[in-house]
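Here is the structure we will look at.
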Amino acid sequence: MVEDESDSLSITWTQPDTRCDITNNTISWSLSSTGDLVDSVTVNASEGYTITGLEPWTTYLVCVSASTLGGEGPEGSCVNETTEEDVPDGPPENLIVTVIMAEFMTVQWDPPAIPNGVITTYSVIWSPDNGTLDTSNTTCNITDLSPCTEYTLTISAATSKGFGPPGEILDITDPKGKKYMVAISDHGFGW
């Protein structure tokens, strides 16, 4: 049995029937995607262990073996198990704002580099209009903007565990094709 969290797996097992007393167990875990061994640990005879320091939303192959004074036995059954999701580690990337006209802009972005799960929604927030748009898409249109107004825009991605940090840099293009790099801050941006 395996219970998972975003950074750990708690595993339990039943010791095999042997003629000799079991002295310890060896637990090993590998990345299922590559087969690369992540680590292993030998513990006094037990029927449970919590593997910590794991990456969120990552599948590991976990194997347990038992040892007696006569040596280590074969690995018991191995289990593929995935740690739970967590909030995204970073913001949406490659944020681009295209200003179509003074009252209308298109915003597009790529998912975070390390999503830590399935992205369920993106939140786009702009002010001073207090506009909010939640979408599962990586593009949206923002309309009814006021000309000659400075706006603050943030875009965040969420998994089932919540939202990650907002995007920080936007590439803004005005209707004549002029591009600006703008850092989102408390000062916002304007065009």
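Pull up region 21-65, narrow it to residues that are charged (D, E, K, R) and part of a loop (DSSP other than H, G, I, E, B), then point me to the one that is nearest to Asp86 (Cα to Cα).
The residue in question is Glu55.
Name the one entry in Ser28, Ser33 that is within 34 Å of the chain's Cα centre (by Cα), without any contact (Cβ under 8 Å) to a residue 60 or more places away in the chain, under 30 Å from Thr159 (Cβ atoms) and crowded, with 17+ Cβ neighbours inside 10 Å.
Answer to the check: Ser28.
How many residues does region 115-132 hold that are at pLDDT 95 or above and not hydroxyl-bearing (Ser, Thr, Tyr)?
Total satisfying the criteria: 5.
Yes/no matrix, rows are residues, columns are (1) modelled with pLDDT of 95 or more; (2) under 25 Å from Ile142 (Cβ atoms); (3) of a type in the set (Lys, Arg):
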| position | (1), (2), (3) |
| --- | --- |
| Ser46 | no, no, no |
| Thr59 | yes, no, no |
| Glu75 | no, no, no |
| Asn80 | yes, no, no |
| Pro88 | yes, yes, no |
| Val97 | no, yes, no |
| Ala102 | no, yes, no |
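The values are calculated or read from the model by the stated rules, or taken from the named source; none is laboratory data. What you see is a predicted model, and the numbers here were worked out from it, not measured in a lab. Using ideal geometry, Cβ is built from the backbone for each residue, glycine included, and neighbour counts are taken over all protein chains shown.
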